[in-house]
Amino acid sequence: MVNKKFNLTERFRLELRGEAFNALNTPLRGDAPSANPQAAAFGILPVAQLNFPRNVQLGMRLYF
């Protein structure tokens, strides 16, 4: 999370916020690939990802 506050005047204040979850988009896979070289799925990673994909949200708040 990144947060920055600005004093615009004596009465007004602005706050900017940015949050990032899984910012590097690193997937967590369930099972390891098959170690059997005779198997049809040898070395193929599972498609399903156990964690959430990259999520970024921005926010702004004005105090008066």
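The values are calculated or read from the model by the stated rules, or taken from the named source; none is laboratory data. Being a predicted model, the structure only gives us computed values, none of them experimental. Glycine gets a Cβ as well: all are built from the backbone with ideal geometry, and neighbour counts include every protein chain shown.
Values for this structure:
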read-out: Boolean, residue 55 is at pLDDT 85 or above, surrounded by 10 or more Cβ atoms within 10 Å (Cβ to Cβ) and of a type outside the set (Phe, Trp, Tyr); value: yes
read-out: Of all residues in region 21-52 being under 10 Å from the mean Cα position of the chain (by Cα) and surrounded by 10 or more Cβ atoms within 10 Å (Cβ to Cβ), the one that is nearest to residue 10 (Cα to Cα); value: 21
read-out: Members of region 12-64 found to be hydrophobic (A, V, I, L, M, F, W, C), in contact with a strand residue (DSSP E or B) (Cβ under 9 Å, 6 or more places away or on another chain) and outside any strand (DSSP E or B), listed by number; value: 12, 23, 35, 40, 41, 44, 52, 64
read-out: All positions within region 1-20 that are of a type in the set (Lys, Arg), free of Cβ contacts under 8 Å to residues at least 40 places away in the same chain and surrounded by 10 or more Cβ atoms within 10 Å (Cβ to Cβ); value: 5
